[in-house]
1. Residue-wise, which Karplus ³J(HN,Hα) couplings in Hz belong to segment 19-33, taking 6.51 cos²θ - 1.76 cosθ + 1.60, θ = phi - 60°, and x for glycine or proline?
2. Identify which of 34, 56, 124 has the largest mean-square fluctuation in a Gaussian network model of the chain, with springs joining Cα atoms closer than 10 Å.
3. For the peptides 114-120, 102-108, what is the packing order when you average, over each peptide's residues, the other Cβ atoms within 10 Å and list the highest mean first?
4. For segment 48-65, what does the Karplus curve 6.51 cos²θ - 1.76 cosθ + 1.60, with θ = phi - 60°, yield as ³J(HN,Hα) per residue in whole Hz, taken in order and with x for Gly and Pro?
5. Can you tell me which of 69, 87, 99 moves the most in a GNM of the chain? Springs connect C-alpha atoms under 10 Å apart.
6. At 222 nm, what helix-only mean residue ellipticity would the chain give, in deg cm²/dmol to the nearest 500, using -39500 (n - 2.57) for each DSSP H run of four or more?
7. Positive end of the charge dipole of the chain (Lys, Arg +1 and Asp, Glu -1 on Cβ, about the Cα centre): tell me which of 24, 37, 50 has its Cα farthest that way.
8. Roughly what would the spin-label model give for residue 160 and residue 77, points 7 Å off Cα along C-beta, in nm?
Amino acid sequence: MLPVTLESARVRLDMPTRADTAAITDACQDPEIVRWTTIPQPYRAQDAQSFVDALVGPGWASDREYTWAIRRQGSAWLDGVISYRTARRDLGFWLAPGARGTGLVSEAVELVVDWAFAQGAPDVYWECYVGNTASAAVARRAGFTYTGSGDALVPNRDGSSAPRVEGAAARGRDARVRPALASRIDVGDRR
């Protein structure tokens, strides 16, 4: 598939490029992104270039994974990344510290989920490591409902299993806050 741009009044999602290397590298120094993702450590500019060159473009070309930069409307600066993986119809995301609390990632999730439904997906899945309450709150606001827990599909950096919670959004979902998701999540710390 050719890359597509998704937009709302506040958010623009487009394909990350090498011009975003500095923003990606800077964001991936954040302890929270390191804690809740499996990015390489230490994270260097060449890791960001490899991400763009080896994952983003080929992911779109193979229809395996669609990755967007999260940007504020009118800005070229990358504030985060969101990806939709077609094999399991699941999404993942991260947001740089300076953009948190603005609603950008919630809007990005809603745009990607709506786009996936328009492409024919019957549902979209999300998971996070146990304790990642910020990710759970985003999923809840986007209309995901709790579907279970267990070992994460993506293991820890060392290959060991990590506990996770998961949710799903189905076509025709109610995008209002779903408090049941937060109340069912074990917010323990996975450290």
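1. Calculated HN-Hα couplings, in order: 5, 8, 3, 5, 5, 5, 4, 4, 4, 7, 8, 5, x, 6, 5 Hz.
2. 34
3. Details: 114-120: 14.6, 102-108: 20.4.
The peptides rank, most packed first, as 102-108, 114-120.
4. 5, 5, 5, 4, 5, 6, 9, 10, 5, x, x, x, 5, 4, 8, 6, 8, 8
5. 87
6. Values: 7 runs with 55 residues, N = 191.
Dividing the helical sum by the residues of the chain leaves -7500 deg cm²/dmol.
7. Value computed over the given set: 37.
8. Distance between label points: 3.7 nm.
The values are calculated or read from the model by the stated rules, or taken from the named source; none is laboratory data. Worth saying up front: this structure is predicted, and the values here are computed from it rather than measured. Every residue, glycine as well, gets a Cβ built from its backbone with ideal geometry; the counts of neighbours run over all protein chains shown. Each accessible area value is taken on the protein alone, full model and side chains, heavy atoms only, with ligands, DNA and RNA left out. Shrake-Rupley method; radii C 1.70, N 1.55, O 1.52, S 1.80 Å.
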